[in-house]
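Shown next, in structure tokens, is the structure this report addresses.
Derivation of every value follows stated rules applied to the coordinates shown; laboratory data play no part. Model, not experiment: these values are computed from the prediction. Note: ideal-geometry Cβ built from the backbone for every residue, glycine included; neighbour counts use all protein chains shown.
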Amino acid sequence: MTAVSIREVAPRDGLQNENPVPTEAKIRLLDALSRTGVRRIEAVSFVHPRAIPQMADADEVWARAERNPDVRYSALIPNTRGAHRAIAAGFREIEVVVSASDTHNRRNLNRSTEESLDDIAGLIPLVHDAGATLEVIVATSFGCPFEGDVDPARVAGMVARVRADGADRIAFGDTTGMATPRRVRDLLSEVRPDLLHFHNTRGTGLANILTALDLGVTEFDASAGGLGGCPYAPGASGNVATEEVVHMLHDMGIDTGIDLDRLIEAAELAEKIVGRPLPSGVLRAGPRTRTV
């Protein structure tokens, strides 16, 4: 393996778990990340402001951001109304989330997993008719804070259904950081996603990425500074830090296309924006990590 694709999720997933930050700060972070060489960025989500007030200014952020033509930008949506907003804003890569755990789906989306799958089946032709693609993210794929273990066969059944309905891509989310290399092997031996999204809540994020690489997955989400979490999953703090992933991969001779110096600068900006130290080991280690 010589190359890995990383989607930067700090502007959306990262900031949704923080106190709301000013619109100007969100734009600065998005623009800084667009200059790092990363080829994919999850920019905003179109959700009701009562549900996620941190994303209430999504339309303004996207309208004012500097869009790098070399970057593919995507937006997360919860439902059909969100899809209409994302399409009207000009997005052509759209993500929708559904939880493998019914309890988490009800907490996150106020409906059952089955109801969400029915909604996704109707979303797919709407998105396709607009010339866009739809990625289905299966949250709590590796475990649920309310229900515990999630059967890989349940995830595989959900994937089979959304693929049959016409979904363009599949991602698995480790929403609560419960994934371990063993859980990664167990799930990926049952069903294979296009992309994996790991949290580092329990310190296993990089180990999980290495395991997935060995199993042939080459696309991952990561968040500058380790920002992120799920407001509806207790203890689900900390996405895997993009600069930690890039540092590791570059040292292994695996290309990401990302400039680590610029990425560290963007992560330092993220720290200033949220006003607290972020968990990234690369940021704590200092400048010596920049020469990989």
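So here's what we get for this one:
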item: Relative packing of peptides 240-253, 93-106 - highest average C-beta neighbours within 10 Å first; result: 93-106, 240-253
item: Separation in nanometres of the label points that stand 7 Å from Cα toward Cβ, at ALA207 and ALA89; result: 3.7 nm
item: Net lengthening on full extension, ARG64/ARG182 (0.36 nm per residue, minus Cα-Cα); result: 38.2 nm
item: Among LEU134, PRO277, LEU210 the positive-end extreme of the charge dipole of the chain (Cβ point charges); result: PRO277
item: Ratio of Rg to Rh over region 23-127 (Cα coordinates, Kirkwood Rh, two decimals); result: 1.00
item: Debye log10 I(q)/I(0) at q = 0.06 Å⁻¹ for the chain, Cα point scatterers; result: -0.16
item: Beta bridges by DSSP in the chain, antiparallel share as percent, to the nearest 5; result: 10 percent
item: Highest to lowest packing among 255-265, 62-72, scored as the average C-beta count within 10 Å; result: 255-265, 62-72
item: Theoretical ellipticity at 222 nm over the chain - DSSP helices of four or more residues, -39500 (n - 2.57) apiece, nearest 500; result: -11500 deg cm²/dmol
item: Segment ASP214-PHE146, extension gain: residue separation times 0.36 nm, minus the distance between their alpha carbons; result: 21.4 nm
item: Bridge type composition, region 117-234 - antiparallel percent by DSSP, nearest 5; result: 10 percent
item: Extended-chain gain in nm, criterion 0.36 nm per residue less alpha-carbon gap, ASP261 and ARG154; result: 34.4 nm
item: About the Cα centre, charge dipole magnitude for the chain (Lys/Arg +1, Asp/Glu -1 at Cβ), debye; result: 340 debye
